[in-house]
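Q: Encoded as structure tokens, here's the structure I'll be asking about.
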Amino acid sequence: MLDIQFQPGSAIIAAVLVYSADGTHKRYLDFIIDTGGTSMMISKYALAKLGYTLFNKSTTQSLGAGGAFFANICTLTHFHFCGLSFKNYPVKVWNAPQNHHVVGTMGMDILRHFNIHINTDTCITTITRNNAIKWKARVTRRL
């Protein structure tokens, strides 16, 4: 289980992803929980810091809040989130600002493995592993 505190009225909920190319050396990366996104994205600057070079320039068309765009595809060697391990996972490369503290977004391809409860009264998002691999989201708020 993971509890994430967020600011009242915030449109962004960030979580930490643990990246480890060789299984031992860990890097902690801030990702936005994006329940409206279909796939995981990482900034090209974060990829460079992790030692990746985009040799394979394969692209895919994506649709975001700002409309359609093309994104490069990269495969992350190994990372962990909320107790689950992911290996050789394809991600889209995001053209984020270089100095932004959030380096990527976690879309439904990752989030479908978890139950997410966003409590706007306490400003806490609780993420638990979903053993059925069926994604559920519940929002609690005062009306």
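Bear in mind that the values in this text are calculations on the coordinates, not laboratory data. Because the structure is predicted, anything quoted here is derived from the model rather than measured. Quick reminder, even Gly has a Cβ in these numbers, built from the backbone with ideal geometry, and neighbours come from all protein chains shown.
Q: Report the paramagnetic label zone for LYS87: residues of the stretch 9-25 whose backbone N is under 13 Å from a point 7 Å from Cα along the Cα-to-Cβ axis.
A: Backbone N within reach: 21-24.
Q: Quick one: in the chain, what % of C-alpha pairs are over 22 Å apart?
A: 40 percent
Q: Explain nothing, just the number: dipole magnitude of the stretch 1-137 about its Cα centre with +1 on each Lys and Arg Cβ and -1 on each Asp and Glu Cβ, in debye rounded to the nearest 20.
A: Rounded to the nearest 20 debye, it is 360 debye.
Q: Can you give the helix-only mean residue ellipticity at 222 nm for the chain, where every DSSP H stretch with n ≥ 4 adds -39500 (n - 2.57) and the sum goes over all residues, rounded to the nearest 500 deg cm²/dmol?
A: -1500 deg cm²/dmol
Q: Another question about this same structure. Going by C-beta contacts inside 10 Å, put VAL103, VAL93 in order with the fewest on the left.
A: So the ranking, lowest neighbour count to highest, is VAL93, VAL103.
Q: Exposure proxy check: ILE116, ILE12, ILE73, ILE42 ranked by fewest other beta carbons within 10 Å?
A: Result, fewest neighbours first: ILE12, ILE73, ILE116, ILE42.
Q: Further question: Just grab the label-to-label distance for HIS101 and MET1, each label 7 Å out from Cα along the Cβ direction, in nm (one decimal).
A: About 2.6 nm, to one decimal.
Q: Taking the Cα-to-Cβ direction at SER58 and at THR122 and moving 7 Å from each Cα, how far apart do the two end points lie in nm?
A: 4.3 nm
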